[in-house]
Structure formats: C-alpha cells, structure tokens
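**Q** Got a structure for you, questions after.
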Amino acid sequence: MAEKSRIETQGLGMNFSSPMGTAAVLQDMNISVGHHEFVSVLGPSGCGKSTLFNIIAGLIEPSEGKVTVDGRSDSGRIGQCGYMMQRDLLMPWKTVAANVALGRIVKGYPRSEAFKAARKILDRYGLGEYADHYPNQLSGGMRQRAALARTFLAAEELLLLDEPFGALDNLTRLRMQSWLLDVWRDSAASILFITHDVDEAIRLSDRVYVLTERPATVAVTLEVGIERPRPYEIVLTPEFASYKTEALNHLHTGAGALFGSEQPGS
C-alpha cells in the first residue's frame, strides 16, 4: 500500500431519516486508495456502495467519521474526483467529442482547449473516428469508453467508477476490463471501482474491500498479489481461485445473515 493515501475514510457512517425511522446505511467504514492504486469495493446490490461514493465525491456529508481526498476533508473535495456513474449519461443531442469535452468545460477551460483535449483522448481510446458521431451510433462498449474519457478529462488522476461495466454483456465486459487496465497502466490515475462481480474485482484490483450487507462495513480486505498484466484467463488459475473463495465466503456469510440459512425442503 502506498505511504500516503489519496482517498481515505475513517470511521465513516451514514444514516438516513424518514417517517419510518432512521436507517443505517454505512457503519465504521475504513478504506484507502494510494497513488496509482486500483482499488475495488465489492458488495451485494443495495448495500450502500454508491452512497459511499457520493460521500467521497462531496455530494453528501457523512453522519459520522471523516473522509479525506488529497488532503482535503471539507467541501473543497467536490470536483477533486472524476465520478462515472453506472449509466454513461451521454447527452444524445451532442456529438461524442462535445460530450467528452464537457469534462473540461465544467472545470472552466475554454471551449477550444476542451475540444482539443477531447479529440486527443478519443484518439487514445480508439474512438477518434467517431468524434463527430452521436451516442446512439455507438455500441455499448464504445459509449462506456466515451464516458470514461469524459471522466478522465474532468479529473485525470483520481477516479470513482461506479459499476461502469454492469450493463454490458459478458464478452464486452471482459474486453472493457482489459482495456481499462491498459488505460490505467499508462496513466498516473488512482481508481476506486465499485462492482458486485467477484471476478471483476479480483482481476482489476491491487486491493479489494469486501462489504457486508447494510449497515455496510468492511468484512475483509484482500490484498491481491497476482502479478500484472492479468489477461482474462487469469480467472482459471489456482491463485485467483483462492482469492475468489475468500471473497465469496465473506459475501455468503453476509447473505446468510440477511436471508437465513436454507433448510432442506424449504
């Protein structure tokens, strides 16, 4: 683990109030991401992973605990991270280049400079010939690459990626994982990545935080020592299987606590 964390949460807790009472979503959440680390948050759907990202991004404040992004723990952390949500959110009336340029325009860059940067990164991501196309003319994987390009332009060195490949078919998802690893390797970016796919988390990450059900906390931290690069065939190796087994054991324990043990004949 890097000596100085770019993202760190300490004792993070989040409660939401409603007429029905108070619901605890996060509890004593402690995670960190160092320089040029790829870290995943793995947990069941609905456990609070996106809430964690909203707190880190500065969109909401925690009920308790502390979050630090590049040394800032106040509202100044807003805009420090590029944040890509589950859907690509490309604007259908804008060209691909115009969508990607928004990553710089919202940061106050001149439009000409933003479009120049957009076309440059689209070339790097293999989308240069589609710069003047519209989102509905792209495949699902191409749309995700365009959305990630926009996220990189917004904050090139610190990225929050919330299940960016969740809507893709399995084959496209594997290809996008390989592509993302290449992009990350050639950058200085630190990435915090949300997924509920065990194979994806282990293949991509230096470290995986496995979360419990709500109120979510870290059940186990897996330091993934598998040598890079990691082709998709890595999932078939005994070393990979050992990490997967440990992650599944903790996820299964949490699910058992929520649903109860299945009994014969039930």
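**Q** With ARG124, ARG145 as the choices, which residue is at pLDDT below 95 and surrounded by fewer than 19 Cβ atoms within 10 Å (Cβ to Cβ)?
**A** When all the criteria are applied, what remains is ARG124.
**Q** I would also like to ask the following. So in region 176-202, with the set limited to residues that are part of a helix (DSSP H, G or I) and small (Gly, Ala, Ser), which one is modelled with the highest pLDDT?
**A** First, pick out the residues of region 176-202 that are part of a helix (DSSP H, G or I): 176-185, 198-202.
Filter once more, keeping what is small (Gly, Ala, Ser): 178, 201.
Values: SER178: 92, ALA201: 97.
Looking at the filtered set, the residue picked out is ALA201.
**Q** Here is a further query. Could we say that VAL235 is among the hydrophobic types (A, V, I, L, M, F, W, C) and either free of Cβ contacts under 8 Å to residues at least 40 places away in the same chain or not in a strand (DSSP E or B) (or both) here?
**A** Against the criterion (among the hydrophobic types (A, V, I, L, M, F, W, C) and either free of Cβ contacts under 8 Å to residues at least 40 places away in the same chain or not in a strand (DSSP E or B) (or both)), VAL235 qualifies.
**Q** Checking SER205 against (1) at pLDDT 95 or above; (2) touching a Gly at 6+ places or on another chain (Cβ under 8 Å), only one condition comes out false. Which one?
**A** Only one criterion is unmet by SER205, namely (2).
**Q** For region 1-104, which fully contained strands (runs of 3 or more DSSP E) count at least 2 residues that are in contact with an Asp or Glu (Cβ under 8 Å, 6 or more places away or on another chain), closer than 26 Å to GLY166 by Cα and among the small types (Gly, Ala, Ser)?
**A** Qualifying strands (runs of 3 or more DSSP E): 21-34.
**Q** I would also like to ask the following. Could you please find all residues in region 158-185 being surrounded by fewer than 20 Cβ atoms within 10 Å (Cβ to Cβ), without any contact (Cβ under 8 Å) to a residue 60 or more places away in the chain and closer than 30 Å to PRO110 by Cα?
**A** Hits for region 158-185 are TRP179, ASP182, VAL183, ARG185.
Okay, residues lined up against (1) assigned by TED's automatic domain parsing to the domain that holds GLN137; (2) of a type in the set (D, E, K, R); (3) on the phi > 0 side of the Ramachandran plot:
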{"residue": "SER40", "(1), (2), (3)": "no, no, no"}
{"residue": "SER50", "(1), (2), (3)": "no, no, no"}
{"residue": "PHE53", "(1), (2), (3)": "no, no, no"}
{"residue": "GLY58", "(1), (2), (3)": "no, no, yes"}
{"residue": "SER63", "(1), (2), (3)": "no, no, no"}
{"residue": "ALA97", "(1), (2), (3)": "yes, no, no"}
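Here's the yes/no breakdown for (1) touching a residue at least 60 places away in the same chain (Cβ under 8 Å); (2) under 22 Å from the mean Cα position of the chain (by Cα); (3) closer than 29 Å to ILE7 by Cα:
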{"site": "VAL67", "(1), (2), (3)": "yes, yes, yes"}
{"site": "ARG72", "(1), (2), (3)": "no, yes, yes"}
{"site": "CYS81", "(1), (2), (3)": "yes, yes, yes"}
{"site": "LYS107", "(1), (2), (3)": "no, yes, yes"}
{"site": "PHE115", "(1), (2), (3)": "no, no, no"}
{"site": "ASP123", "(1), (2), (3)": "no, no, no"}
{"site": "PHE152", "(1), (2), (3)": "yes, yes, yes"}
{"site": "ALA155", "(1), (2), (3)": "yes, yes, yes"}
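**Q** Scanning region 1-33 for residues that are more than 16 Å from GLY43 (Cβ to Cβ) and among the β-branched types (Val, Ile, Thr), which turns out farthest from the chain's Cα centre (by Cα)?
**A** THR22
**Q** How many residues does region 109-153 contain that are more than 24 Å from ALA167 (Cα to Cα) and of a type in the set (S, T, N, Q)?
**A** Number satisfying all stated conditions: 1.
**Q** List the number of the failed condition for VAL210; all other conditions in (1) without any contact (Cβ under 8 Å) to a residue 12 or more places away in the chain; (2) part of a strand (DSSP E or B); (3) of a type outside the set (Gly, Ala, Ser) hold.
**A** (1)
**Q** Then there is this: Please enumerate the residues belonging to region 53-86 that are surrounded by 14 or more Cβ atoms within 10 Å (Cβ to Cβ), in contact with a Leu (Cβ under 8 Å, 6 or more places away or on another chain), among the aliphatic types (A, V, I, L, M) and under 25 Å from ALA101 (Cα atoms).
**A** ILE56, ALA57, VAL69, MET84, listed by residue number.
**Q** Out of all the residues in region 145-157, is one or more of a type in the set (A, V, I, L, M), touching an Asp or Glu at 6+ places or on another chain (Cβ under 8 Å), outside the structural domain of ARG230 (by TED's automatic domain parsing) and part of a helix (DSSP H, G or I)?
**A** Looking through region 145-157, at least one residue is of a type in the set (A, V, I, L, M), touching an Asp or Glu at 6+ places or on another chain (Cβ under 8 Å), outside the structural domain of ARG230 (by TED's automatic domain parsing) and part of a helix (DSSP H, G or I).
Okay, residues lined up against (1) surrounded by fewer than 17 Cβ atoms within 10 Å (Cβ to Cβ); (2) β-branched (Val, Ile, Thr); (3) under 30 Å from LYS120 (Cβ atoms); (4) at pLDDT 90 or above:
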position	(1), (2), (3), (4)
MET1	yes, no, no, no
ARG6	no, no, yes, yes
LEU12	no, no, no, yes
ASN30	yes, no, no, yes
VAL33	no, yes, yes, yes
VAL39	no, yes, yes, yes
THR51	no, yes, no, yes
LEU89	yes, no, yes, yes
THR95	no, yes, yes, yes
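The values are calculated or read from the model by the stated rules, or taken from the named source; none is laboratory data. Since we're looking at a predicted model, the values are computed, not measured. No Cβ is skipped: glycine too gets one built from the backbone with ideal geometry, and neighbour counts run over all protein chains shown.
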